[in-house]
Ligand code: GDG
């Protein structure tokens, strides 16, 4: 790729992510855009407002071309994807190759050259759009595994910009990562960034080790020395790989949790559930990484043995639809629904349902009401970059009560150290943890919850994006003002 000039009127802060933070609303006479709130938007909104900000991403509709537009003080730049690219780049390479590979091969990743070809093509489109959008010397923050090649491409196109990359999902050990036929290109792609952020220190260490083994590149502390690559048009530079654990908007959730309407709604939910002594909750995308089956197995066995009874306990499992066209996702849904059906068939009574299962999504306010209504939260992921649900539950427990069962394989385990930690593969251990959570005395709940809430009040999503962008800026200053094109 050859360098291109900076645009005359560009943005000085650019977010590049697979999806734009908006949804197309075609319900009215005129189609409009609605912002879809999410952690990332909240995290970067203050930066977007204080600087000339732009967001590059796909609008979520295949084969449609949209012009850039402004919404809620953000400049949005849609990238077009054809339906073939949605199949190969998004569902294929991103979600059926990289996603399972980066989550400990819980299901086997598929390697297809046609998917890889589409992944490169789409990444180049994103990189070129970023190159046309970023002002001279701008900061560009690229997000997640769908866009791992963008940093290197952008560096070749626009050596003047400062590039950050954040990997929201785990980064696997070399022994697993090395299966990828295109491992070398993926590593070089991410290493085009000045700063590469991961959820956990272990992810960053896995990444640095991969760079050492595969490329033979030397590392010092967090830094990786990337030599010049004349063929790809990049100069020698240093790339830093470090942990920046993402978090939640604690203040907003706290405000929600104090809203009288939401508090009343939580009480109503408990009444509708039949006023059980203990409400247990699970909230996940329907994904094989989330350990929903393991959780149901443990819960089912506790009911079988009589350790728990539907006289006083119920489980609410919200599993929001996700990636439904992929085989592995249809399969996990079938397995979960079979398990729910079995448990309910064997243990439910009239007005005493063992599992309340929902395969649809809820508005934010309703989700908060569920968090408020739940005495026990189960997060049993087999592998998870962070898991924001665990942090949201804690942030909503304004009474400092409730118990969190948390998988040690979720990034959140590094911060929520007072949770009841589990290895979800150990069903006996998981059963013990669920019982402990159900029976936990109020004083112990308070002690644990208060400590976790205090920590999240400070380590919120605003602090996360600030820490990442501050470090990126420092690295940029250390570089000593490179020439702008
Ligand atoms: C990836 C990584 C990492 C879920 N159902 C509903 C709903 N949600 C919201 C939750 C939460 C978010 O979706 C899910 O975030 P998670 O972090 O739990 O998991 P992933 O979707 O897998 O996210 C993960 C994350 O990126 C951020 O870096 O933590 O490890 O896999 O906010 O509340 N929200 C609403 N209705 C629902 O039905 N409104």
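The values are calculated or read from the model by the stated rules, or taken from the named source; none is laboratory data. Keep in mind that this is a model prediction, so the values were computed, not measured. Cβ placement follows ideal geometry from the backbone for every residue including glycine, while neighbour counts extend to all protein chains displayed.
Determine whether the range 272-290 contains at least one residue that is assigned to a strand (DSSP E or B), within 22 Å of residue 346 (Cβ to Cβ) and within 13 Å of the ligand (Cβ to nearest atom). Within the range 272-290, one or more residues are assigned to a strand (DSSP E or B), within 22 Å of residue 346 (Cβ to Cβ) and within 13 Å of the ligand (Cβ to nearest atom).
From the list 266, 242, the one residue that fits, being part of a strand (DSSP E or B) and crowded, with 17+ Cβ neighbours inside 10 Å, is 242. Report whether or not residue 171 is buried (at least 24 other Cβ atoms within 10 Å of the Cβ), assigned to a loop (DSSP other than H, G, I, E, B), under 23 Å from the mean Cα position of the chain (by Cα) and within 16 Å of the ligand (Cβ to nearest atom). For residue 171, the condition - buried (at least 24 other Cβ atoms within 10 Å of the Cβ), assigned to a loop (DSSP other than H, G, I, E, B), under 23 Å from the mean Cα position of the chain (by Cα) and within 16 Å of the ligand (Cβ to nearest atom) - is met.
When each of 211, 205, 220 is tested for being modelled with pLDDT of 95 or more and in contact with a strand residue (DSSP E or B) (Cβ under 6 Å, 6 or more places away or on another chain), the lone residue that passes is 211. Checking each residue in the range 291-324 for being farther than 20 Å from residue 104 by Cβ, within 16 Å of the ligand (Cβ to nearest atom) and either buried (at least 17 other Cβ atoms within 10 Å of the Cβ) or over 23 Å from the mean Cα position of the chain (by Cα) (or both) picks out 316, 317, 318, 319. Within the range 360-368, not a single residue is in a loop (DSSP other than H, G, I, E, B), in contact with a helix residue (DSSP H, G or I) (Cβ under 8 Å, 6 or more places away or on another chain) and more than 8 Å from the ligand (Cβ to nearest atom).
Across the range 106-122, the qualifying residues are those that are more than 22 Å from residue 287 (Cβ to Cβ) and crowded, with 18+ Cβ neighbours inside 10 Å, and the one among them that is nearest to the chain's Cα centre (by Cα) is 122. Taking the range 336-357 as the range and being surrounded by 14 or more Cβ atoms within 10 Å (Cβ to Cβ) and under 29 Å from the mean Cα position of the chain (by Cα) as the test, the residues that pass are 336, 337, 339, 340, 355, 356, 357. Would you call residue 371 in contact with a helix residue (DSSP H, G or I) (Cβ under 6 Å, 6 or more places away or on another chain), over 23 Å from residue 168 (Cα atoms) and not in a helix (DSSP H, G or I)? So residue 371 does not fit the description; no. Each residue in the range 1-33 was checked for being outside any loop (DSSP other than H, G, I, E, B), over 22 Å from residue 192 (Cβ atoms) and in contact with a helix residue (DSSP H, G or I) (Cβ under 7 Å, 6 or more places away or on another chain), and 0 of them qualify. Working only within the range 189-221, note down all residues that are assigned to a loop (DSSP other than H, G, I, E, B) and under 20 Å from residue 143 (Cβ atoms). Across the range 189-221, the qualifying residues are 191, 192, 193, 194, 199, 200. Name the helices (runs of 4 or more DSSP H) wholly within the range 382-485 that hold at least 1 residues that are in contact with a helix residue (DSSP H, G or I) (Cβ under 8 Å, 6 or more places away or on another chain) and either closer than 30 Å to residue 136 by Cα or within 16 Å of the ligand (Cβ to nearest atom) (or both)? Answer list for the range 382-485: 388-396, 442-458, 461-479. Residue 346 meets the stated requirement of being outside any strand (DSSP E or B), in contact (Cβ under 8 Å) with a residue 40 or more places away in the chain and away from the ligand (no atom under 16 Å from the Cβ).
Can you confirm whether the range 46-68 contains a residue that is within 21 Å of residue 247 (Cα to Cα), in contact (Cβ under 8 Å) with a residue 60 or more places away in the chain and not in a helix (DSSP H, G or I)? No, the range 46-68 contains no residue that is within 21 Å of residue 247 (Cα to Cα), in contact (Cβ under 8 Å) with a residue 60 or more places away in the chain and not in a helix (DSSP H, G or I). The lone criterion from (1) under 28 Å from residue 157 (Cβ atoms); (2) in contact (Cβ under 8 Å) with a residue 40 or more places away in the chain; (3) in contact with a strand residue (DSSP E or B) (Cβ under 8 Å, 6 or more places away or on another chain); (4) more than 16 Å from the ligand (Cβ to nearest atom) left unmet by residue 228 is number (2). Scanning the range 319-343 for residues that are touching a residue at least 40 places away in the same chain (Cβ under 8 Å), in a helix (DSSP H, G or I) and either touching a strand residue (DSSP E or B) at 6+ places or on another chain (Cβ under 7 Å) or closer than 25 Å to residue 363 by Cβ (or both) yields 329, 332, 333, 336, 340, 343.
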